[in-house]
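Would you mind keeping the following structure in view while I ask a few things?
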Amino acid sequence: MASPSGLLKLLAVCLAMISLSEQASITPYDKQNILQTFGEWLQRQEDNADPRLDYKDEKQSQHAMDDYWQGLALQEELNHEGEVFNGELFVESEWPEEKTELGQIAGVATSQKGDAVIFHRANRKWEEDSFRDNVYTKKDSGPIMEPTMVTMNRSNGAILDSWGQNLFYLPHGLTIDDNDNYWVTDVAMHQVFKFGKNKAVPELTIGKAFEPAINNDDMERLCKPTDVAVTKDGIIFVADGYCNSRIVKYSSDGKVLNVFAQDDMWVPHSLALVEELDLICAADRENKRILCYNAGLNNAELLGYPNRAYMDKDVMGRVFAITYSKTDGLLYAVTAPSDDLPGTGFTIDLHTKDNSNNDIIAVWSPTEEGFEMPHDLDVTRDGTNVYVGEIGPNKVWKFDKTK
Ligand SMILES: *[C@@H]1O[C@H](CO)[C@@H](O)[C@H](O)[C@H]1NC(C)=O
């Protein structure tokens with residue numbers, strides 16, 4: 001097939017670019033499909049075949065032409081932006097500029113603006129005698145009196161804000177939703193809290209204070225819940241937790257909707273919601289794997305249906321935390337040192353159809369030795385930075401997409 005004349009081509013690219021940018025939002029999945037079709041076109045052209053002949057009628061052929069122009073425009077756009085992000089992250093060595101004294105770092109999240117928000121235990125520690133039969137033994141010490149929530153400036157790591165004194169006994173998970181609500185878990189209290197504007201009184205509480213759930217069927221209580229994920233409509237998922245093995249789904253006002261993944265996991269330690277694929281992924285910590293289930297947002301009947309799993313014990317150690325970047329369609333994970341494997345960061349492409357370890361597109365770490373004890377991570381909403389919190393020695397790392 002003779003290639004279109006340069007001028008015509010340019011015009012078409014411009015038109016296609018306009019139509020591309022007019023589309024509400026092209027997901028990474030769409031992009032991948034468009035580029036794949038485009039690649040097939042190019043291949044056919046190289047083979048000196050007219051790809052339009054692949055199509056039976058004019059309408060189909062027109063569709064194919066549309067795909068071609070869209071692919072061309074997208075390719076130009078990507079060339080313009082530079083390389084497609086390959087998933088590798090680089091530590092920013094001068095961040096924070098000044099060292100901050102924090103206690104055991106449990107939760108890490110990002111503010112709307114991309115600052116790091118840290119949920120830590122101040123002078124309190126999770127120790128061997130902290131629990132007896134899952135009941136917290138140090139209730140009499142009262143809540144932690146120092147601020148447990150700290151916001152660190154994205155540019156230099158300086159502390160911008162702190163709160164969360166006299167509220168928590170043993171902080172664990174932290175999630176900040178798109179509406180700027182703070183969702184936290186306290187493993188000593190066996191509860192989940194939602195904080196809106198008022199940071200002194202929770203808007204919503206799930207679970208009964210200091211009462212561990214008896215088993216996976218106990219829907220009144222939780223047992224050392226680890227993490228929370230919240231949809232844009234406010235549907236809540238709780239990973240429960242150190243003693244139970246389940247994920248509980250709640251309505252936005254905290255009513256139990258369903259429970260799934262019972263007994264699948266050995267410490268579900270972290271959750272990541274992928275709304276565009278209707279998936280909820282969990283870090284199955286001690287089993288050294290990541291499991292993704294249907295989140296039942298589009299079809300309630302599919303809730304809990306296994307969709308993807310990443311588990312190769314030669315590659316992946318104990319997975320402490322996962323987070324999903326909508327911008328890039330990538331899942332980030334951190335593992336702690338396990339057997340011979342160093343503590344490592346993983347980047348997994350959830351939009352491929354492989355569903356295998358080929359989806360792991362990059363590994364990264366702050367030093368040659370790797371992470372020592374990473375506990376949580378989060379990605380900024382614009383997808384450009386990832387923060388990782390380590391629990392002993394306690395520190396926060398900031399990663400960039402470029403060196
Ligand atoms: C964060 O740090 C930058 C660089 O020093 C500074 O310009 C900015 O004002 C700081 N942000 C806030 C909210 O203080």
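Put +1 on the Cβ of every Lys and Arg and -1 on every Asp and Glu Cβ in the chain; which of Phe193, Gly173, Gln45 then has its Cα farthest towards the positive end of the dipole?
Phe193
Still on this structure, I have one more. Treating only the Cβ atoms of Lys and Arg (+1) and Asp and Glu (-1) as charged, compute the dipole magnitude of the chain about its Cα centre; round to the nearest 20 debye.
Its charge dipole is roughly 960 debye.
Hey, what's the Kirkwood Rh for the chain if you take every pair of different alpha carbons, in angstrom?
About 22.7 Å for the chain.
Using DSSP to call loops (not H, G, I, E or B), can you name the GluC sites (Glu not before Pro) in the stretch 310-403 whose Cβ has at most 13 other Cβ atoms within 10 angstrom? Let's see the in-between values first.
On the way: sites: Glu368, Glu369, Glu372, Glu390; in loops: Glu368, Glu369, Glu372.
Qualifying residues, ordered by number: Glu368, Glu369.
Here's another thing I want to ask about it. My understanding is that a pair violates if its Cα-Cα distance is over 20 Å; which of Lys197/Lys232; Lys138/Lys208; Lys199/Lys255; Lys113/Lys401; Lys194/Lys249; Lys125/Lys224 do that in this structure?
Lys199/Lys255
Hey, another quick one. Given a 1.4 angstrom probe, I'd like the percentage of the accessible area of the chain that is carbon and sulfur, rounded to a whole number.
So the carbon and sulfur contribution to the accessible surface is 47 percent.
On to the next question. Would you calculate, for the chain, the mean residue ellipticity at 222 nm contributed by helices, counting each DSSP H stretch of 4 or more residues as -39,500 (n - 2.57) and dividing by all residues, to the nearest 500?
That comes out to -5000 deg cm²/dmol.
So how do 135-144, 172-181, 92-101, 288-297 stack up, highest first, on mean other-Cβ count within 10 Å?
Those peptides, ordered most packed to least, come out 288-297, 172-181, 135-144, 92-101.
Which whole-number value in Å² is the accessible area per residue of the chain, probe 1.4 Å?
47
In Å, what Rg and Dmax follow from the Cα atoms of the stretch 62-158?
So, for the stretch 62-158, Rg and Dmax equal 23.6, 73 Å respectively.
What order, most packed first, do the peptides 152-163, 216-227 have when packing is the mean number of other Cβ atoms within 10 Å of each residue?
Taking the mean over residues of other Cβ atoms within 10 Å, the ranking is 216-227, 152-163.
With +1 on each Lys and Arg Cβ and -1 on each Asp and Glu Cβ, how big is the dipole of the stretch 229-380 about its Cα centre, in debye rounded to the nearest 20?
The calculation lands at about 420 debye.
Also: Give the relative contact order (percent, whole number) for the chain; include only Cα pairs under 8 Å separated by 6+ residues.
Working: 957 pairs, mean separation 51.9, N = 403.
Relative contact order comes out at 13 percent.
Okay, next question. Extending each Cα 7 Å along its Cβ direction at Asp312 and Phe90, get the distance between those two points in nm, one decimal.
It is 2.6 nm.
Tell me the relative contact order for the stretch 217-294 as a rounded percent, counting alpha carbon contacts under 8 Å between residues six or more apart.
Relative contact order here is 22 percent.
With an 8 Å cut-off on Cα pairs and a minimum separation of 6 or more residues, tell me the relative contact order of the stretch 81-216 in percent.
In percent, rounded to a whole number, it is 19.
Where does the charge balance sit around Ser130 when Lys and Arg score +1, Asp and Glu -1, over other residues with C-beta under 10 Å from its C-beta?
Numbers: positive: Arg124, Lys125, Arg132, Lys138; negative: Glu127, Glu128, Asp129.
Net of charged neighbours comes to +1.
How much length would be gained if the chain were fully extended between Ser251 and Asn358, taking 0.36 nm per residue of separation minus their Cα-Cα distance, in nm to one decimal?
Values: separation 107, 0.36 × 107 = 38.52 nm, distance 3.55 nm.
Difference between extended and current length: 35.0 nm.
The values are calculated or read from the model by the stated rules, or taken from the named source; none is laboratory data. Keep in mind that what you see is a predicted model, and the values were worked out from it rather than measured. FYI the Cβ positions are ideal-geometry reconstructions off the backbone, even for glycines, and counts take in every protein chain you see. Ligands, DNA and RNA are excluded from the accessible area calculation, which covers all protein heavy atoms including side chains. Shrake-Rupley method; radii C 1.70, N 1.55, O 1.52, S 1.80 Å.
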